[in-house]
Amino acid sequence: MQTSETLFSTADLPRADRPIRLGSLLFTMVEPRAGYEAAYNRWYERDHFYSGCMIGPYTVSGGRYVATRAEKAKRLGSAAMDLSKGSYLALYWILDGHHSDWDAWAVRQVNDLHATGRMFKERNHIHTSFYNFDAEFNAPGSAMPIELALDRPYGGVVAFIIDLNPGKTSTDLSALLRARDLPGDVALTGSPLPLDPTSPKDVPVEAGERALFLSFSIEDPKAVWDANYVPLVQAIEESGIGRIAIASPFIPTIPGTDTYTDQL
């Protein structure tokens with residue numbers, strides 16, 4: 001048996017050797033309705049972030065991000081999604097091998113929160129989906145494991161949702177990205193997993209084949225958007241893999257404050 005002293009003598013630990021591995025994730029992009037922005041933010045950070053996900057078994061970590069008008073001005077995408085919507089993004093990492101366990105708990109928990117009046121009606125889900133973790137990418141010289149990405153105070157995160165062309169998969173996207181030097185310190189690709197049919201009905205079921213790319217940026221992603229992320233959008237679309245439904249920078253929320261709620 002390898003000791004922890006030996007295992008962690010290097011920072012660049014292969015995924016297969018990591019005791020804690022990301023297996024799947026919840027991606028939920030939401031728009032509070034006009035007049036409820038501050039109340040939504042308070043409800044989410046003080047109740048739902050924890051009661052809806054973080055206290056569940058096999059939750060590895062969670063993070064909250066926001067796109068203000070400044071971030072939305074940078075967005076790119078097709079007509080598949082309204083680029084003016086989706087101000088808040090929450091991400092949750094789920095332990096490898098336990099997606100079905102986590103999902104079963106989450107469905108029971110959220111249905112109970114609905115029944116006890118602890119949900120928030122004045123909001124719209126813009127894109128909420130589970131994604132399987134497919135591949136990890138590091139910047140040159142970075143040994144950052146994706147498992148720690150939500151715990152590190154990055155400048156922000158960039159999300160691409162890609163509508164795949166017929167016959168294309170997340171594997172094709174990962175191969176394209178593997179051949180490039182990517183922006184961001186650490187990134188991942190993911191492929192969608194089905195929602196439980198007993199999930200609350202306020203979460204829309206989406207059709208079509210999609211892939212996800214998440215990139216964690218040391219800098220404020222707006223500062224490197226034009227130079228680093230716009231060319232990547234172009235490369236993905238020119239490759240024939242698919243069309244960008246939305247490409248957006250997000251910055252971290254500031255817990256315990258109403259910061260940004262008046263800038264959406």
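Quick notes on this structure:
- Residue in segment 36-51 that is part of a loop (DSSP other than H, G, I, E, B) and farther than 21 Å from Arg108 by Cα present: yes
- Selection within segment 6-58: residues that are more than 30 Å from Thr116 (Cα to Cα) and within 20 Å of the chain's Cα centre (by Cα). The member of this set that is modelled with the lowest pLDDT is Arg15.
- Residues in segment 153-175 that are of a type outside the set (Val, Ile, Thr) and either in contact with a Leu (Cβ under 6 Å, 6 or more places away or on another chain) or under 22 Å from Lys74 (Cβ atoms) (or both): Pro153, Tyr154, Gly155, Gly156, Ala159, Phe160, Asp163, Leu173.
- Index of the failed condition, Ser84 passing every other in (1) under 23 Å from Val230 (Cβ atoms); (2) touching a residue at least 60 places away in the same chain (Cβ under 8 Å); (3) part of a loop (DSSP other than H, G, I, E, B): (2)
Table: residues versus (1) at pLDDT below 95; (2) among the hydroxyl-bearing types (Ser, Thr, Tyr); (3) more than 17 Å from Thr28 (Cβ to Cβ); (4) in contact with a Leu (Cβ under 6 Å, 6 or more places away or on another chain).
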| site | (1), (2), (3), (4) |
| --- | --- |
| Thr198 | yes, yes, yes, no |
| Glu219 | no, no, yes, no |
| Lys222 | no, no, yes, no |
| Ala247 | no, no, yes, yes |
| Ile254 | no, no, yes, no |
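- Contact map, segment 138-150: residues that are under 16 Å from Thr10 (Cβ atoms) paired with residues that are buried (at least 20 other Cβ atoms within 10 Å of the Cβ) and among the aliphatic types (A, V, I, L, M), Cβ distance under 6 Å, separation 6+ or inter-chain. Pairs shown: Asn138/Val186; Met144/Val186; Glu147/Leu22.
- Test for Val158: is it among the aliphatic types (A, V, I, L, M), in a strand (DSSP E or B) and at negative phi: yes
- Index of the failed condition, Ser78 passing every other in (1) modelled with pLDDT under 95; (2) in contact with a Pro (Cβ under 6 Å, 6 or more places away or on another chain): (2)
- Test: residue in segment 95-112 that is of a type in the set (Lys, Arg), touching a residue at least 24 places away in the same chain (Cβ under 8 Å), surrounded by fewer than 17 Cβ atoms within 10 Å (Cβ to Cβ) and out of contact with any Leu (no Cβ under 6 Å at 6 or more places or on another chain): no
- Taking residues in segment 42-69 that are aliphatic (A, V, I, L, M), and partners anywhere that are at pLDDT 95 or above and part of a helix (DSSP H, G or I), the pairs with Cβ atoms closer than 9 Å and at least 6 places apart or on different chains are Ile55/Gln109; Val60/Glu147; Val66/Asn41.
- Glu136 meets each of the listed conditions (1) farther than 28 Å from Lys222 by Cβ; (2) of a type outside the set (A, V, I, L, M, F, W, C); (3) in a strand (DSSP E or B) apart from (1).
The values are calculated or read from the model by the stated rules, or taken from the named source; none is laboratory data. Here the structure is a predicted model, which is why all the values come from computation and not from measurement. Cβ atoms come from the backbone with ideal geometry, glycine included; neighbour counts cover every protein chain shown.
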